[in-house]
Amino acid sequence: MADSSTPTHPGLRNVQRILAVSSCKGGVGKSTTSVNTALSLARYGLRVGLLDADVYGPSLPTLLRPASPQLFQNEEGLILPLEIHGMKVMSFGWIDPEQQRGPAILRGPMVSQVVSQLATRVEWGDLDYLVIDFPPGTGDIQLTLTQQLPIDAAVIVTTPQQLSFVDVVKGIQMFDTVNVPTVSVVENMSYFQCESCGEKMRIFGEGARKQLIEQFGFTHTMEMPLDPRLSAMSDAGTPMVLESPEDPVSQLYYELAERVHGEINRLQSEEAGIPTLSYNVGQNCELTYPDGRIIEINPFELRLACKCAECVHEFTGEQLVKAEDLDPDVYPEAITPVGRYAASVKWSDGKCASIYPYHYLEEKFSSPDA
Ligand SMILES: [Zn+2]
């Protein structure tokens, strides 16, 4: 959640929640995801604003096509956002129409300054959500933005390509450094659905989703189909969820909006329970939940439960390291939380980089009668 010491910005006074939509690379459908997610949130009766913070290639002017993109200021000098399809929207492309053609010639530090001014000097008014379509990347610009703006949660957009898992983890970690939880990873162009038989063809392979669930304990992923209509509608300025609200693809966006909203609610509620894994010399490891519940785990059993590529075969799932291969007195030398989902353990035997998703530990070690 946003740091409580973050100063209140004039334009953001009455904004309840800020959701960042981010991607490691351009061209993965981040803006299409932002627009359709924002419109889906609005469909549930929530008051939604959408900021196109991509100063290098503002896309809202194309995606939403306002009739008259003329901006006005109020008496406080704050810019009044445009109102389109029931949302308040703002894009750098409307401030400087030159930017709609050709790339911006702004340098890094200026970019984050321009973007945070864009967010804070606009009179957003009463909003349940401000969705910010982030500039692509996980560099200084993006990090500065996450520090300057009171962002509540992030959605990371990716496509199923070889290095996408590493990219997504980089994105999750960037938001983690400022304590902003990633509430969903959206994999665009994930599959192509056969029109006659309905079969999902994964032409680009499995993508990061499976790996995120298995290795990182991150379960909030969504898959979007490769659907030529999506980009065609975006290019025409008629987003999918408006043009074809009953379409199965639109339904996926509603589901995404629902999940994001639900997850943010869950995290903000008091029961949000991120456990801590600890070890005291000579005793069992303990997975302690904020409500006081404790799951005890024998250090040797925990060591044996390592799921790294050296212990468990990546594709067959075969157990490669057996109990007899391990030091019976093995113990954790260091335990470090990995985001909100897992803990990494450095072992006394010096082998393995073990990452244990909390949900995996809970499933494996909580006794059924507890
Ligand atoms: Zn291992």
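Only the coordinates and a few stated rules stand behind these numbers; no lab work does. Please read all numbers here as calculations on a predicted model, not as lab measurements. With ideal geometry, Cβ positions are generated from the backbone for all residues, glycine too; neighbour counts draw on all protein chains shown.
Annotations for the structure displayed:
- Contact order normalised by residue count of the stretch 208-260, Cα under 8 Å, 6+ apart, percent: 22 percent
- One Cα centroid belongs to the stretch 15-38, the other to the stretch 147-223; the line between them spans 12 Å.
- Here Lys25 is the anchor, and the aspartates and glutamates within straight C-alpha reach of less than 18 Å, apart from those fewer than 8 places off in the same chain, are Asp52, Asp54, Asp133, Asp140, Asp167, Glu187, Glu223.
- Violating pairs (Cα-Cα greater than 24 angstrom) within the set Lys170/Lys210; Lys88/Lys170; Lys170/Lys200; Lys200/Lys364; Lys30/Lys200: Lys88/Lys170; Lys170/Lys200; Lys200/Lys364
- Measuring nothing but how far apart in sequence close Cα pairs (under 8 Å, 6+ apart) lie, relative to its length, the chain scores a relative contact order of 17 percent.
- When only the Cβ of Lys, Arg, Asp and Glu is charged (+1, +1, -1, -1), the dipole of the chain relative to its Cα centre reaches about 840 debye.
- Once the Cα-Cα distance is subtracted from the 0.36 nm per residue extended length, the Thr276 to Asn298 segment shows a gain of 6.4 nm.
- The length gained by stretching the chain between Arg202 and Leu267 to full extension, at 0.36 nm per residue less their Cα-Cα distance, is 20.2 nm.
- Furthest towards positive pole of dipole, Tyr253, Val166, Asn265, structure part the stretch 153-292, Cβ charges: Val166
- Compared with the direct C-alpha span, the chain from Cys194 to Glu255 gains 19.8 nm at full extension, assuming 0.36 nm per residue.
- GluC sites (Glu not before Pro), loop per DSSP, at most 14 other Cβ atoms within 10 Å - longest free stretch of the chain: 77-194
- Packing-based ranking, highest mean first, of 273-283, 349-359 given that Cβ atoms within 10 Å are counted: 349-359, 273-283
- Ignoring aspartates and glutamates fewer than eight residues from Lys307 along the same chain, the ones with Cα atoms less than 12 angstrom from its Cα are Glu214, Glu318.
- Helix 164-177 axis, angle to the chain major axis (alpha carbon atoms, nearest 10°): 80 degrees
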